[in-house]
Amino acid sequence: MRSLAQILLFAALLGWLAPRAPAAADAASNGKDDILLGMSTALSGPAGDLGTQAKEGILAGLERANRAGGVNGRHLRLVAIDDGGEPARTASNTRLLLQRDNVLAVIGSVGTPTAVPICDEEHALFFAPFSGARALRHSPPDRYVVNYRASYAEETGAMIDALLDEAGLQPEDIAFFTERDAFGDAGFEGGIAAMKLHGLEDENRVLHVRYEPNTLAVENALATLLYADHEPRAIIMVGAERPCAKFIKLAHGAGLRSLFLNVSFVASDSLAAELAQVPANVPANVPANVPANVPANVLVTQVVPCPLATDVPIIREYQADLKLLHRAAKPGYASLEGYISSRILVDALQKIPGQPTREGVIDALDALGEFDLGLGAKLHYGPYDHQACHRIWPTVLQNGVFVPFDWKSIGDLVRKDAQ
């Protein structure tokens, strides 16, 4: 027969081993009057860097408000749960956030619209997802979905306009490399729509290759491009940073000298880091920061300006707030987008008298109309306009970082690639 001490020890071990619900990150000190915001994001997996940076930017914006006393005396807290970039986990996490944690709104989800039906069901705001997906941009808009960023269709449309108008390419000179899901399809369809505005009649003239989500299996897609009758002079890429980086390096190594253009979801800083990972036997006459097998002509369209542009008022505030949050944090496009999103939401919350409600925060956003956040671009919300920003900022990879780029120079890059 077991002693009482043995029984207690056994019970304690059972409690320690029992499965626990996902941790409510950054919300451990909640008071009963705090305003809780939820975030299901990729903190691991292929999009883990993007999700981590997005979370960091959101927290920097929320802590700015908290240092000033919060929203009408209420502090803001973020409950963040990792979903690994998997849509099914995003959906279940969102239900936990809304039902278990009773968050006021969901902010900054990365890459998937699977949370939308749950937010609709719970009458809760799905705010500023890191996604340009068409499914999040209905007309008229879903009441509970409010976006900050430009769409993938707008990003690839801007690329097509530049390639055809500025560089003088034809549609058959352009190929698409995309993830095989709604994310990839949205970018491809936006690009094709832009080509049709330029006179494209048969979209089968445009080569489209794909890879499976959450994999690095890009070899078959590359082989299809390499054996195509017409070598593309530009490749528009809609995917995560690791598969896109692998594709670019393999293509470059195979002698393909196309111009590579990526949409913002690729996470520029992570893409640059992936491209910089090269073998140790780089020729001695090649500068250390320009490895021999990394192509120079890689573009990324951004939905925010350069995070180092100190002439933009909100970026100066962002840099200061990010340093206060975490001294080792580095400014980046993804964290800047998160910061801008949280600043917008805080401004709307400040206009709500008393305790904010799930419906009230949507009404407050709709009432913002045209506003200026110090971004260098006018923003707008209304009951029939749930996307604040439509502007695209092109960038180019130089010496390991993405810097601002002028579309008017794209012809020089294409001609250089063709040599």
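The values are calculated or read from the model by the stated rules, or taken from the named source; none is laboratory data. Source: prediction; values computed, not measured. Here the Cβ positions follow ideal geometry from the backbone for every residue, glycine too, while neighbour counts run over all protein chains shown. All accessible areas refer to the heavy atoms of the entire protein, side chains included, with ligands and DNA or RNA removed. Shrake-Rupley method; radii C 1.70, N 1.55, O 1.52, S 1.80 Å.
Over the chain, Cα pairs under 8 Å with separation of 6+ residues give a relative contact order of 19 percent.
Net length available on complete extension from GLU231 to ASP33 is 65.2 nm, with 0.36 nm assigned per residue and the Cα-Cα distance removed. Sorted on the mean count of surrounding Cβ atoms within 10 Å across their residues, most packed first, peptides 73-83, 212-222 read 73-83, 212-222.
Would you mind getting the accessible area per residue of the chain, heavy atoms of the protein chains only, 1.4 Å probe, in Å²?
Values: 18340 Å² over 419 residues.
I get 44 Å² per residue for the chain.
Converting phi to 3J(HN,Hα) with the Karplus coefficients 6.51, -1.76 and 1.60 and the offset θ = phi - 60°, the range 83-98 yields 10, x, x, 9, x, 5, 5, 4, 5, 5, 4, 4, 5, 4, 4, 7 Hz in sequence order, with x at every glycine or proline.
Helix 182-197 and the long axis of the chain differ in direction by around 40°, with both axes built from C-alpha atoms.
The long axis of helix 4-17 is offset from the longest Cα principal axis of the chain by roughly 30 degrees.
What's the carbon and sulfur percent of the chain's accessible surface, probe 1.4 angstrom, rounded to a whole number?
Values: 9880 of 18340 Å².
Summing carbon and sulfur atoms, their accessible area is 54 percent of the total for the chain.
Restricting to DSSP H runs of at least four residues, report the calculated mean residue ellipticity at 222 nm for the chain, -39500 (n - 2.57) per run over all residues, nearest 500 deg cm²/dmol. It would help to have the intermediate numbers written out before the result.
On the way: 13 runs with 155 residues, N = 419.
Counting only the DSSP helices, I get -11500 deg cm²/dmol.
For ALA133, the residues whose modelled amide H falls within less than 5 Å of its own, excluding neighbours fewer than 5 places apart on the same chain, are TYR152.
Relative to one another, the C-alpha centroids of the range 183-197 and the range 309-381 are positioned 30 Å apart. With a simple spin-label model that places each label point 7 Å from the Cα along the Cα-to-Cβ direction, the separation between SER409 and ARG143 comes to 4.8 nm. The phi-based Karplus calculation (6.51 cos²θ - 1.76 cosθ + 1.60; θ = phi - 60°) puts the 3J(HN,Hα) values of the range 246-263 at 4, 4, 4, 5, 5, 5, 5, x, 7, x, 7, 10, 6, 8, 9, 10, 10, 7 Hz, whole numbers, x for Gly and Pro. Peptides 51-64, 118-131, 380-393, 349-362 ranked from most to least packed by the mean count of surrounding Cβ atoms within 10 Å: 51-64, 118-131, 380-393, 349-362.
Efficiency by 1/(1 + (r/R0)^6): what FRET value for ASN204 and GLN277, r their Cβ-Cβ distance, R0 = 25 Å, to the nearest 0.05?
Values: r = 36 Å, r/R0 = 1.45.
For R0 = 25 Å, the calculated efficiency reads 0.10.
Students often get this wrong, so check it: of LYS246/LYS323; LYS351/LYS378; LYS55/LYS330; LYS55/LYS323, which have C-alpha atoms separated by over 24 Å? Mind showing how you got there, number by number?
Numbers: LYS246/LYS323 32 Å; LYS351/LYS378 20 Å; LYS55/LYS330 13 Å; LYS55/LYS323 15 Å.
Correct reply: LYS246/LYS323.
The string of couplings for the range 100-110 from the Karplus curve (6.51, -1.76, 1.60, θ = phi - 60°) is 7, 8, 6, 5, 5, 7, 9, 10, x, 4, 9 Hz, one whole number per residue in order, with x for Gly and Pro.
Once C-alpha pairs closer than 8 Å and six or more residues apart are averaged by separation and normalised to the residue number of the range 166-253, the relative contact order reads 42 percent. Counting only alpha carbon atoms, the long axis of helix 313-325 and the longest principal axis of the chain meet at about 60°. A simple packing score, the average count of other Cβ atoms within 10 Å per residue, orders the peptides 143-149, 269-275 as 143-149, 269-275, with the highest score first.
Compute the FRET efficiency between LYS196 and LYS351 as 1/(1 + (r/R0)^6), taking r as their Cβ-Cβ distance and R0 = 35 Å, and round to the nearest 0.05. Mind showing how you got there, number by number?
Details: r = 42 Å, r/R0 = 1.19.
Efficiency at R0 = 35 Å is approximately 0.25.
For a straight C-alpha distance cut-off of 14 angstrom, the aspartates and glutamates reachable from LYS249 (same-chain residues fewer than eight places away being disregarded) are GLU219, GLU241, GLU274. Extension gain for GLN398-ALA217 works out to 62.5 nm (0.36 nm per residue, less the C-alpha to C-alpha distance).
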